[in-house]
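Asks: Got a structure for you, questions after.
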Amino acid sequence: MNTFIFDMDGTIFDTESFYYETWIDLAKIHGLDFGIEDKMNLSGKQNKEAIAYMVKNFKMDEDRAISLRAELNQLRDEKFKTLDYSLKKEGLLEILSYLKKENKKIGLASSSIKSRINFLLDREGVGGFFDTVISSDDIVKGKPDPEIFNLCMERLNSNKETTYIIEDSLAGIKAAKASGAVAVLILDLDKSDEIKSHADLVFNSLLDFLNFIKKNEIEDRRDKNFKINCPYCKTTFEKSLPTAILRHMESYNLLEDNKLDLVKCPSCGHEFRLNYRFAYTDYEKKLMFLNDPKFEKRINQLAFKSSLKLVDRIKGESMDGFIIRMTTNIEDLREKIRIYEDKKIDNIVELMKIVIKENPDFKVDTKSIKGFFYKNHNKFKIITNTGSYEMDFIEDLYKSLLDKYGDLIDEKEVSLVDKTWAYDMIKSL
């Protein structure tokens with residue numbers, strides 16, 4: 001979490017409802033049929049795109065649209081002069097102050113013109129928080145094109161994988177996603193399921209997002225020094241590794257890229273993989289996966305289950321409602337993430353693997369299988385002694401097993417869901 005890029009209208013300033021009222025005033029003067037849906041469709045748009053929308057939806061020629069747009073801007077400017085209250089959204093000063101204190105890069109990327117941005121930043125006294133400001137004057141293509149955010153990241157010299165873009169409009173969220181950064185939605189006028197479906201993270205306010213940042217920053221700093229024995233030269237050395245990994249954090253990128261467990265010996269230079277204990281948590285989806293090679297022994301699984309109440313006290317919050325899984329290796333944990341990202345249930349996926357392997361038409365020698373993994377909603381990946389193969393994920397089989405066994409499975413039961421669990425489940429039935 002190194003860079004934070006904020007939209008302006010509706011995100012840091014409570015201007016969208018103000019702009020909507022101005023639109024209504026203009027519509028009454030000129031007899032336009034203007035509603036809240038029109039306002040949401042115009043949010044985040046550049047001036048030329050707004051004019052094109054007016055031409056198409058209000059059945060007018062371009063000259064009239066340009067004239068009305070100029071009149072709208074004049075009405076806005078006049079109303080701004082009469083305002084006697086702050087437009088800052090709840091939590092704005094708190095989040096900007098925290099990010100500045102933590103030496104984070106902070107940008108502003110707004111579809112508004114430069115003069116209006118400068119006016120509002122000066123009026124609200126927050127201009128000094130931003131390291132760079134991008135306006136519609138600086139770009140050619142407006143949102144949902146990602147040009148404005150790409151330019152902002154370029155000026156901040158930022159990596160998209162560790163950049164959070166905070167928006168309130170559908171066009172803005174789509175642009176944020178297209179840039180490759182983390183798209184954060186702060187709910188404002190548009191609270192539809194559609195806009196939520198495009199966002200990576202959704203919050204009711206900037207304060208809620210700030211609490212999320214603080215929680216993740218604390219978790220992400222929970223690194224631990226491990227004493228490691230090199231399997232090649234037998235040298236013992238220490239290395240700091242993350243033990244608490246959260247979605248959208250830098251350590252998660254290492255996990256996703258299969259580099260988290262990659263260790264290089266400082267003596268001989270050999271690289272090797274280290275299977276160690278760490279936890280992956282996704283607070284939004286309520287997932288917690290704990291990896292520990294010691295879970296191969298059932299007594300250690302039981303010890304973990306009995307320790308969950310202690311975990312609750314340490315975290316200061318209940319883990320009720322979480323799906324909690326144990327894994328014995330990192331590849332299994334990565335598979336769990338993929339399964340739940342695709343809104344599947346790992347119990348059913350493990351049962352699928354058994355059914356597939358027991359099928360007489362299955363052409364792979366089961367004794368040669370070293371790994372059988374869910375790759376995505378379309379494919380399984382099978383690793384054998386002689387190579388790796390892909391096979392189709394059979395959606396009809398998944399649905400059939402879900403219908404047959406779904407009511408018998410407690411998805412919220414804390415367990416190590418693997419092939420042993422699947423065989424035991426089938427035997428019990």
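Asks: For residues in region 402-429 being touching a residue at least 12 places away in the same chain (Cβ under 8 Å) and of a type in the set (D, E), which is nearest to Y340 (Cα to Cα)?
Replies: By that ranking, first place goes to E411.
Asks: Right, here's the next one. Which residues, counting only those in region 92-121, are in a loop (DSSP other than H, G, I, E, B) and over 25 Å from K143 (Cα atoms)?
Replies: First pass over region 92-121, keeping only residues in a loop (DSSP other than H, G, I, E, B): 102-104, 110-113.
Of everything in region 92-121, those that are in a loop (DSSP other than H, G, I, E, B) and over 25 Å from K143 (Cα atoms) turn out to be E102, N103.
Asks: If the requirement is being in contact with a Phe, Trp or Tyr (Cβ under 6 Å, 6 or more places away or on another chain), of a type in the set (A, V, I, L, M) and either within 27 Å of N216 (Cβ to Cβ) or surrounded by fewer than 18 Cβ atoms within 10 Å (Cβ to Cβ) (or both), which of these qualifies: L75, L92, L108, L83?
Replies: On the way: L75 fails: in contact with a Phe, Trp or Tyr (Cβ under 6 Å, 6 or more places away or on another chain); L92 fails: in contact with a Phe, Trp or Tyr (Cβ under 6 Å, 6 or more places away or on another chain); L83 fails: in contact with a Phe, Trp or Tyr (Cβ under 6 Å, 6 or more places away or on another chain).
Going through L75, L92, L108, L83 in turn, the sole match is L108.
Asks: Moving to a separate point now. Pairs needed: first member in region 59-72, of a type in the set (G, A, S); second member anywhere, part of a helix (DSSP H, G or I); C-beta distance under 7 Å; at least 6 residues apart or different chains.
Replies: Close Cβ pairs satisfying both conditions: A65/I51; A65/M54; A65/V55.
Asks: Something else: If the Cβ limit is 8 Å and pairs must be 6+ apart or interchain, which residue in region 180-192 that is closer than 15 Å to E161 by Cβ pairs with which residue that is in a loop (DSSP other than H, G, I, E, B) and hydrophobic (A, V, I, L, M, F, W, C)?
Replies: A183/A199; V184/A199
Asks: Check K227, K191, K141, K239 and return the single one that is farther than 22 Å from K89 by Cβ and in a loop (DSSP other than H, G, I, E, B). Spell out the reasoning first.
Replies: Working: K227 fails: in a loop (DSSP other than H, G, I, E, B); K191 fails: farther than 22 Å from K89 by Cβ; K239 fails: in a loop (DSSP other than H, G, I, E, B).
None of the others qualify; the one that does is K141.
Asks: What pairs come up if the first residue lies in region 280-307 and is without any contact (Cβ under 8 Å) to a residue 12 or more places away in the chain, the second is of a type in the set (K, R), and their beta carbons are under 7 Å apart, counting only those six or more places apart or on different chains?
Replies: N300/K294
Asks: If we only count helices (runs of 4 or more DSSP H) wholly inside region 315-429, which ones have 3 or more residues that are surrounded by 15 or more Cβ atoms within 10 Å (Cβ to Cβ) and in contact with an Asp or Glu (Cβ under 7 Å, 6 or more places away or on another chain)?
Replies: Values: elements: 330-341, 346-358, 395-405, 419-428.
Of the helices (runs of 4 or more DSSP H) lying wholly inside region 315-429, those with at least 3 residues that are surrounded by 15 or more Cβ atoms within 10 Å (Cβ to Cβ) and in contact with an Asp or Glu (Cβ under 7 Å, 6 or more places away or on another chain) span 330-341.
Rundown of residues vs (1) in contact with a helix residue (DSSP H, G or I) (Cβ under 7 Å, 6 or more places away or on another chain); (2) under 27 Å from P146 (Cβ atoms); (3) of a type in the set (D, E), yes/no style:
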| site | (1), (2), (3) |
| --- | --- |
| K59 | no, no, no |
| L75 | yes, no, no |
| K79 | yes, no, no |
| T82 | no, no, no |
| E94 | yes, no, yes |
| S111 | yes, yes, no |
| T132 | yes, yes, no |
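Quick grid of which residues meet (1) under 20 Å from L416 (Cβ atoms); (2) modelled with pLDDT of 85 or more; (3) among the basic types (K, R); (4) outside any strand (DSSP E or B):
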residue	(1), (2), (3), (4)
D208	no, yes, no, yes
K214	no, no, yes, yes
H248	no, no, no, yes
A279	yes, yes, no, no
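Asks: Only one of (1) touching a residue at least 12 places away in the same chain (Cβ under 8 Å); (2) within 24 Å of the chain's Cα centre (by Cα) is not met by E154, so which one is it?
Replies: For E154, the exception is condition (1).
Asks: Hey, can you tell me all the residues within region 103-152 that are among the aliphatic types (A, V, I, L, M) and more than 25 Å from D84 (Cα to Cα)?
Replies: Those that are among the aliphatic types (A, V, I, L, M) and more than 25 Å from D84 (Cα to Cα): I106, A109, V133, I134, I139, V140, I148, L151.
Asks: Is there a residue being of a type in the set (D, E, K, R), closer than 30 Å to N159 by Cβ and crowded, with 17+ Cβ neighbours inside 10 Å anywhere in region 30-44?
Replies: no
Asks: Using the structure shown, decide if S111 is modelled with pLDDT under 90, of a type in the set (S, T, N, Q), within 24 Å of A176 (Cα to Cα) and not assigned by TED's automatic domain parsing to the domain that holds Q46. Give the derivation first.
Replies: Working: modelled with pLDDT under 90: yes; of a type in the set (S, T, N, Q): yes; within 24 Å of A176 (Cα to Cα): yes; not assigned by TED's automatic domain parsing to the domain that holds Q46: yes.
Spelling it out, S111 is indeed modelled with pLDDT under 90, of a type in the set (S, T, N, Q), within 24 Å of A176 (Cα to Cα) and not assigned by TED's automatic domain parsing to the domain that holds Q46.
Asks: Kindly indicate whether K196 is touching a residue at least 12 places away in the same chain (Cβ under 8 Å) and among the basic types (K, R). Break it down into steps so the answer makes sense when it comes.
Replies: Working: touching a residue at least 12 places away in the same chain (Cβ under 8 Å): no; among the basic types (K, R): yes.
No, not satisfied.
Asks: Based on what the data block shows, is I369 at pLDDT 85 or above, within 18 Å of D392 (Cβ to Cβ) and out of contact with any Gly (no Cβ under 7 Å at 6 or more places or on another chain)?
Replies: yes
The values are calculated or read from the model by the stated rules, or taken from the named source; none is laboratory data. The structure presented is a predicted model; accordingly, all values stated were derived computationally and were not measured. No Cβ is skipped: glycine too gets one built from the backbone with ideal geometry, and neighbour counts run over all protein chains shown.
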